[in-house]
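J.: First the structure, which I've put down as structure tokens, then a few questions once you've had a look.
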Amino acid sequence: MAEIDDAIERAEREAFTKEPPKTLKGRIGFLIRQFGSAKAVAMEIGVTADSVNRYRRGARKHARPDVAAKIDDAVRQRWQPLVRKRRQKKAATTGGITVETRARFGYTAPVGTTDDGRFRRLTVHLPPLYAQRLFEACEAGASDQEMRGIIAEGFKVVYFQDGGGRAMGLSDVEINDIDYLDLDYLLGAA
């Protein structure tokens, strides 16, 4: 099961949806910035460069239905990845992520302490460092187990050790038997 991948995907769908420009002029302006020229946009949507320039200037307020559909497809295909990339960068540099889960946590602890795994429901804010590591691991195609390790390390430091205030003998935390896992990307100050 790929719980972490699914959680990242859900978080992106929920938090990263931002509507693209609504006007034809705004959409064409966005496409020109993406493609670099009116000629390249024209080739993509199947019209002349002059038509693209008329749309950009606002001389034409509406495109033919078939062209409007091509413009819409081209904008949507390029818009959301940019928004996602920008928001991930912000979460990885200033905001961090909040992980909510119900899973079995086990850990290695000094002799005499209870280190038996047990189910816990936790909601923990992990600093930007862990968000960055998680995004990089996901981009690199890391396994679910590797991504669990990143989250488990964050839980160890932030929750179990309280940022260095307790349980310093705790060495390894494991996350197993995940009932659910949800991520929320915090974007920090604007």
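J.: By how many nm would the segment from Arg166 to Asp66 lengthen if fully extended, with 0.36 nm per residue of separation less the alpha-carbon distance?
T.: The span from Arg166 to Asp66 would gain 29.6 nm if fully extended.
J.: I've got another one for you. If you take the beta carbon distance between Ser37 and Thr93 as r and set R0 to 30 Å, what does 1/(1 + (r/R0)^6) give as a FRET efficiency, to the nearest 0.05?
T.: Efficiency, from the Cβ-Cβ distance: 0.40.
J.: Points 7 angstrom from Cα along the Cβ direction at Thr23 and Arg121: gap in nanometres?
T.: So the two model labels end up 4.9 nm from each other.
J.: Still on this structure, please answer the following. Under a straight-distance cross-link criterion of Cα-Cα below 19 Å, which lysines are reachable from Lys85, leaving out those fewer than 8 residues away in the same chain?
T.: Lys85 reaches Lys18.
J.: Follow-up question, since we're still on this one. Quick one: grab the alpha carbon gyration tensor of the stretch 127-166, order the square roots of its eigenvalues as a ≥ b ≥ c, and give me rounded if a/c is under 1.5, else prolate or oblate depending on whether a/b is larger than b/c.
T.: oblate
J.: What number comes out for accessible area per residue over the stretch 40-103 if the probe is 1.4 Å? Units Å², please.
T.: It amounts to 57 Å² per residue over the stretch 40-103.
The values are calculated or read from the model by the stated rules, or taken from the named source; none is laboratory data. What you see is a predicted model; the values in this text were computed from it and never measured. Note that we place each Cβ from the backbone using ideal geometry, even for glycine, and neighbour counts take in every protein chain shown. These area figures cover heavy atoms from the full protein model, side chains too; ligands, DNA and RNA do not enter into them. Shrake-Rupley method; radii C 1.70, N 1.55, O 1.52, S 1.80 Å.
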